[in-house]
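To keep things clear, I will list the structure first and then write my remarks on it.
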Amino acid sequence: MRPNPFAPIPVNLPASSSAAPIGIFDSGLGGLSVLRAVRALLPAERLVYVADSRYAPYGQRDDDFIADRTLAICEWLVAQGAKALVVACNTATAQSIALVRERLSIPLIGVEPGIKPAALVSKSRVAGVLATQVTLRSARFQALVERHATDLRVLCQPGHGLVEAVERCDIGSAELLALLRTYVEPMLDAGADTLVLGCTHYPFLDTAIRSIVGERMTLVDTSVAIARQLERVLDQHGLRASGEPAGAGADDIRFCSTSDGAHLHELAAALLGLDANVERVVIPSRRTRELETNAA
């Protein structure tokens, strides 16, 4: 009898599992904004961060590819001993979170655009959402709008080129500012007073966006909310680490990249103040094997 490929993968955490690391995954470098918030709120936790930079950005990939990579990397993190997982990528969450929850039995936290907080703070009742095309077209995003924004006009703008800019550590060039203006100025003209940063890469563009919108817009970044949800989940499962903070430097974080890691090292230094040693890892999956076979 063939095994069920969709059956949950059993995970047997030892009695000391509260000391095990938390896995954080993103298609690239944007999840560092979530890592920053988690590290600030839960300083005693050990972290393993995986950037799938070799195949970023996910916003240009098809849904099957995104699900395939998300599941493979989450399974890899479980194999590394992770006690809980954070899918710190809006695109991966929108397309894959249900599948991963079916397969893995450890706590899993996803991310989603801050439609609910935007609806709570907007006074003009017009809010812009900057996100990847995949996130904006997803059923998960549409459900968020229907649930929390019935009296809110939501202006959806795909952030083409923004993930790539952050991935190459461009967070303030003249070219980037010009691109951002084409995205946010029409929102301002339409009366938006709130902007949802619907991709974990985008908080690193906060200063650039502020230089354009000033105080005319409230920027909604859900990184802190994600860290708080992780804290609640760890407490519910008795998995929260106890004791002193893991460390003030990068020693408490294992940084991994499916690419050469140069940009991950550079961005961790520039935005987090960490001199990170980045480990290159190989995490094969069905779709990447197909890519490599076709390229050979």
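The values are calculated or read from the model by the stated rules, or taken from the named source; none is laboratory data. Please read these numbers as outputs of a predicted model, since none were measured by experiment. Reconstructed Cβ throughout: ideal geometry from the backbone, glycine too, with neighbour counts over all protein chains shown.
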- Task: Kindly indicate whether any position in the stretch 39-53 is under 20 Å from residue 162 (Cβ atoms) and in contact with a Gly (Cβ under 6 Å, 6 or more places away or on another chain).
- Result: yes
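With within 20 Å of residue 205 (Cβ to Cβ), in the same structural domain as residue 181 (by TED's automatic domain parsing) and β-branched (Val, Ile, Thr) as the only criterion, which of 34, 129 stands out? Outline the logic, then answer.
On the way: 34 fails: in the same structural domain as residue 181 (by TED's automatic domain parsing).
Testing whether each residue is within 20 Å of residue 205 (Cβ to Cβ), in the same structural domain as residue 181 (by TED's automatic domain parsing) and β-branched (Val, Ile, Thr) leaves just 129.
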- Identify the single condition in (1) crowded, with 24+ Cβ neighbours inside 10 Å; (2) of a type in the set (S, T, N, Q); (3) touching a strand residue (DSSP E or B) at 6+ places or on another chain (Cβ under 6 Å) that residue 133 does not satisfy, given that it satisfies every other one. (1)
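Return yes when residue 155 is among the hydrophobic types (A, V, I, L, M, F, W, C) and within 17 Å of the chain's Cα centre (by Cα) and no when it is not. Steps first, answer last, please.
Numbers: among the hydrophobic types (A, V, I, L, M, F, W, C): yes; within 17 Å of the chain's Cα centre (by Cα): no.
In short, no.
Could you check, for the stretch 171-181, whether at least one of its residues is within 19 Å of residue 58 (Cβ to Cβ), touching a Phe, Trp or Tyr at 6+ places or on another chain (Cβ under 8 Å) and not assigned by TED's automatic domain parsing to the domain that holds residue 95?
Within the stretch 171-181 (the criterion being within 19 Å of residue 58 (Cβ to Cβ), touching a Phe, Trp or Tyr at 6+ places or on another chain (Cβ under 8 Å) and not assigned by TED's automatic domain parsing to the domain that holds residue 95), the answer is no, since none of the residues qualifies.
Given the condition hydroxyl-bearing (Ser, Thr, Tyr), farther than 15 Å from residue 37 by Cα and touching a residue at least 24 places away in the same chain (Cβ under 8 Å), answer yes or no: does some residue in the stretch 219-231 qualify? Break it down into steps so the answer makes sense when it comes.
To start, the set of residues in the stretch 219-231 that are hydroxyl-bearing (Ser, Thr, Tyr) comprises 222-223.
Keeping just the survivors that are farther than 15 Å from residue 37 by Cα gives none.
No: zero hits.
Look at the stretch 264-279 and say how many of its residues are in contact with a strand residue (DSSP E or B) (Cβ under 6 Å, 6 or more places away or on another chain) and not β-branched (Val, Ile, Thr).
Qualifying residue count, the stretch 264-279: 4.
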- Item | Filter pass, residue 172 being farther than 30 Å from residue 284 by Cβ, in a loop (DSSP other than H, G, I, E, B) and in contact (Cβ under 8 Å) with a residue 12 or more places away in the chain | yes
- Task: Could you tell me which of the residues 105, 96, 138 is among the hydroxyl-bearing types (Ser, Thr, Tyr) and not assigned by TED's automatic domain parsing to the domain that holds residue 33?
- Result: 138
- Just a yes or no: is a residue in the stretch 111-132 of a type in the set (S, T, N, Q), within 22 Å of residue 224 (Cβ to Cβ) and modelled with pLDDT of 95 or more? yes
- Task: Count, please, the residues in the stretch 182-221 that happen to be over 22 Å from residue 161 (Cβ atoms) and among the polar types (S, T, N, Q).
- Result: 2
